[in-house]
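The values are calculated or read from the model by the stated rules, or taken from the named source; none is laboratory data. Predicted, not measured: the structure shown is a model, and the values here were computed from it. With ideal geometry, Cβ positions are generated from the backbone for all residues, glycine too; neighbour counts draw on all protein chains shown.
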Amino acid sequence: MSSKKIQLVKSFSLLAFITTVSLLFIDKLNLLNIAMLFMIPILFSALYNEKIEVLILSIIAVGLFDVLFIPPRFKITVHDSNYILSFIIMIIIGQIIVSLAQKASKLQELEMSRQIQDALLKSLSHELRTPLSIIKGCSSVLLENALSINEKEKMSLLKTIDENTEEMEQHITNLINSAKLKNGQLHLKKDICDVEEIISTALLKTEKNNVFASLDIDENISPIYANAIFIEQAIINLLDNAFKYGTDVKLIAKEEINAISIEVINSGDIPSQKEINEATQAFVRLSNSYTKRGLGLGLHVVKLIAQIHNASLLLSIKEKHFCAKLSFSKVY
C-alpha cells in the first residue's frame, strides 16, 4: 500500500475514532466541542491528502456530525440554518489547509532543489577544475618544451592528458544522462542485444594501467532486450566504481531461471550496508570514496537506467566483497 493510501486510511480511522468518542461522551460534550473534535480528522487529512480526498472526508464528517449530533438527531434535516453555515465553514477550512500544505510542500521541494543545485555547482567546479588544471599543465609543458623533452616524457604527459579527458567526459556523460532520465526526455530505442558484446566494449573503456577484471560469463548466454548504449554505460559505471574504489574486480554474467544477471564484484575498503542502501541517491558519495575524485552520480545513473529497462539493481555485501548486480528479464 502506498504512503498516500496509508494516510487516507489513517484519516478515515481517525474520523471513526472521533465519532465513537463523541457518541460515548455525548452527554458531557456540547455541540461546539464536538464540532472542534470533528475538525481534527479534516485537518489531519488536509496535511497529507489531495483536495478531492479531503473534500470527500469533510462531507462524510459533516454528514456524521449532522445525523448523529445535530437536533433532530438521526435525520438529515437541520432545524437551524446557522448549522449549515458551520458545515460549509468546516469544508472550506479543510480545502484552505490543503492548499497551504501543498504550497508549503512545493516551497520545500524548491528549497531542496536549490540546495542540490548549489551542491552540484560546487562539486562540478571542483571535480572539473582538477582534470582541467592537469590537462592545461601538461599541455603547457609540451608546448614550452617541445624540442627539449624526450619521447618517454611526451608519452607520459599525453597519457595523463588522455586519462583526465576521459574522466571529464565520464562526469559530463553521467550528468547529462541523469538529467535526461529524470526528466523523461529520452525515448529509448530498444533492440535485441548481445550481452558479451556489451561487456567487451565496456571493459575496453574501463580496463587501464594493466588493471583488469576477471570474467565469468556463461557460454551462449541469452541476449537481452535493451538499449545497448545505456546498458554499456551502466556497466562502465559499475566497473569504474569497482576499479576506482576497490581491488580484485570480477564481472559475472549468468543466465538464471527467469533473468539475465550482470554482476560486478570487488574487494578492498568496503562501506557499511547502511551506506550502501543510500548509494543510488544522486550526489551521494560513500566513505571509501572521499580520497578519490567523483560526483556521486555513477550508481544513481545505473539505477535510473535499470528502471527504464524494467530491470533491477541490487547492491550488497557478500563475504567482505561489494556486489552490484543488474538483472534483466529474459527475451522469449
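Looking only at residues in region 12-54 that are closer than 15 Å to Ile93 by Cβ and polar (S, T, N, Q), the one that is surrounded by the most Cβ atoms within 10 Å (Cβ to Cβ) is Ser45.
Scan region 193-227 for residues that are within 21 Å of Ala242 (Cβ to Cβ) and surrounded by fewer than 18 Cβ atoms within 10 Å (Cβ to Cβ) and the total you get is 19. The set of residues from region 194-251 being among the aliphatic types (A, V, I, L, M), in contact (Cβ under 8 Å) with a residue 60 or more places away in the chain and touching a Phe, Trp or Tyr at 6+ places or on another chain (Cβ under 7 Å) comprises Ile224, Ala226. Among the residues making up region 175-218, those that are assigned to a helix (DSSP H, G or I) and modelled with pLDDT under 80 are Leu175, Ile176, Asn177, Ser178, Ala179, Lys180, Leu181, Lys182, Asn183.
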